[in-house]
1. Only one of (1) under 17 Å from residue 81 (Cα atoms); (2) touching a Ser or Thr at 6+ places or on another chain (Cβ under 9 Å) fails for residue 21. Which number is that?
2. Those residues that are open to solvent by 90 Å² or more (accessible area, probe 1.4 Å), more than 12 Å from residue 26 (Cα to Cα) and at pLDDT 60 or above, I need them from segment 70-102; list them, please.
3. Tally up the residues in segment 15-60 that are among the hydrophobic types (A, V, I, L, M, F, W, C) and either exposed (fewer than 13 other Cβ atoms within 10 Å of the Cβ) or more than 9 Å from the chain's Cα centre (by Cα) (or both), please.
4. When residues of segment 4-14 are filtered for being β-branched (Val, Ile, Thr) and surrounded by fewer than 21 Cβ atoms within 10 Å (Cβ to Cβ), how many remain?
5. Give the number of residues within segment 1-14 that are within 10 Å of the chain's Cα centre (by Cα) and of a type outside the set (D, E, K, R).
Amino acid sequence: MKPKKTPMRMCVGCREMKPKRELIRVVRGPESVDVDTVGKAPGRGAYLCPDEACLKRAIKTRGLERALEHKIDESVYERLRAQLPQEPIAPPENATGSQTDA
């Protein structure tokens, strides 16, 4: 039996393809733009990494506004900041590829 494919989506901040479950979805619904916590809300969606740097880059380049084809209020960006992890995600040990002398 074939293994199931993992849905991949592009972050509008860093423009990297990542698994859909790792990203935060922002959706332009029929009435407003909002953060979609379950990933099932109807409307046009855009995805963003749970990283402050990606959010800042998306704000600066207006990536969310272009992806959703709609003006984004500051309140949406505040809700996105609240969704971000409070402490930065640390890379695993030896993730840089450098070897330690033993």
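1. (1)
2. 71, 73, 74, 78, 86, 87, 93
3. Within segment 15-60, residues that are among the hydrophobic types (A, V, I, L, M, F, W, C) and either exposed (fewer than 13 other Cβ atoms within 10 Å of the Cβ) or more than 9 Å from the chain's Cα centre (by Cα) (or both) number 9.
4. 1
5. Number satisfying all stated conditions: 5.
The values are calculated or read from the model by the stated rules, or taken from the named source; none is laboratory data. Bear in mind that the values here come from a model prediction, so they are computed numbers and not experimental data. With ideal geometry, Cβ positions are generated from the backbone for all residues, glycine too; neighbour counts draw on all protein chains shown. Only protein heavy atoms, including side chains, enter the accessible area calculation; ligands, DNA and RNA are left aside. Shrake-Rupley method; radii C 1.70, N 1.55, O 1.52, S 1.80 Å.
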